[in-house]
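As structure tokens, the structure follows; a few thoughts come after it.
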Amino acid sequence: MSRIFGWYCRGLEGLMAVMLAIMVLMVFGNVVLRYGFNSGITVSEEVSRWLFVWMTFLGAIVAVREHGHLGTDMLVGKLPRAGKKLCLVVSHLLMLYATWLLLTGSWQQTVINLEVGAPTTGASVAIFYAVGVVFAVSTAVFLFHDLWRVASGRLRDEELVMVHESEEQAEIDRINAELAHGDAARAPGTPDTNLNPRER
């Protein structure tokens with residue numbers, strides 16, 4: 001399942017890169033045409049705005065998967081394992097509720113605007129709101145998967161705190177967790193191949 005999630009997130013990252021490239025080309029091209037040739041790309045502003053909204057929500061999906069959203073871990077980090085589990089479950093249930101609200105609202109707006117055309121492109125405005133449905137469904141799957149990992153005891157202690165107060169601290173914690181996991185996997189008495197011969 002984690003491999004499938006990884007493929008999905010990499011696909012989203014590739015899609016975001018394409019969207020960003022289109023935005024840059026359209027905005028830059030529009031500026032050049034406007035000041036250099038007194039013309040412009042009519043749909044540039046509208047398409048760029050839609051792409052920006054889609055990029056924001058798709059990026060938020062990847063952040064939920066990678067637990068990249070910032071939070072306060074000062075209290076949770078000091079709790080025992082049972083307390084961390086309880087906080088994790090409660091926070092995920094609250095996020096699922098918020099996701100449900102976003103899903104229902106986005107779906108209603110998508111249906112309402114299905115036959116409404118955008119002013120310049122004429123495309124259905126439902127496309128603009130559909131990203132909320134994509135975000136809510138994807139996020140719900142990731143949150144349920146985390147809850148299943150908690151219930152099945154598949155989360156390590158360091159994974160029970162899924163928010164960090166800064167990106168730098170999150171990166172440090174990730175590296176420390178990988179080093180600790182590697183040390184635990186190595187059998188006692190096995191020499192570390194990363195050390196030079198003098199340090200062994």
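The values are calculated or read from the model by the stated rules, or taken from the named source; none is laboratory data. Values in this document were obtained by computation on a predicted structure and should not be read as measured data. Glycine gets a Cβ as well: all are built from the backbone with ideal geometry, and neighbour counts include every protein chain shown. For accessibility, only protein heavy atoms count, side chains too; no ligands or nucleic acids. Shrake-Rupley method; radii C 1.70, N 1.55, O 1.52, S 1.80 Å.
Every residue, every condition in (1) over 29 Å from Arg154 (Cα atoms); (2) touching a His at 6+ places or on another chain (Cβ under 9 Å); (3) modelled with pLDDT under 90, yes or no:
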| residue | (1), (2), (3) |
| --- | --- |
| Gly59 | no, no, no |
| Leu86 | no, no, yes |
| Ala123 | yes, no, yes |
| Gly132 | yes, no, no |
| Val137 | no, no, no |
If His92 satisfies all but one of (1) touching a Cys at 6+ places or on another chain (Cβ under 8 Å); (2) touching a residue at least 24 places away in the same chain (Cβ under 8 Å); (3) not polar (S, T, N, Q), what's the number of the condition it fails? (1)
Hey, can you tell me all the residues within segment 32-88 that are in contact with a helix residue (DSSP H, G or I) (Cβ under 6 Å, 6 or more places away or on another chain), among the hydroxyl-bearing types (Ser, Thr, Tyr) and in a helix (DSSP H, G or I)? Ser44, Ser48
Which one of Leu179, Leu155, Leu114 is modelled with pLDDT under 85, more than 18 Å from Val62 (Cα to Cα) and surrounded by 12 or more Cβ atoms within 10 Å (Cβ to Cβ)? Leu155
Check on Ile4, β-branched (Val, Ile, Thr), assigned to a helix (DSSP H, G or I), open to solvent by 60 Å² or more (accessible area, probe 1.4 Å) and more than 30 Å from Leu155 (Cα to Cα): no
Taking the condition of being under 17 Å from Val90 (Cα atoms) and of a type outside the set (Lys, Arg), how many residues in segment 130-156 meet it? 15
Residue that is nearest to the chain's Cα centre (by Cα) [pool: residues in segment 105-123 that are outside any loop (DSSP other than H, G, I, E, B) and either of a type outside the set (S, T, N, Q) or closer than 14 Å to Thr139 by Cβ (or both)]: Ser106
Counting only residues in segment 122-146 that are aromatic (Phe, Trp, Tyr) and surrounded by 16 or more Cβ atoms within 10 Å (Cβ to Cβ), the one nearest to Met1 (Cα to Cα) is identified as Phe142
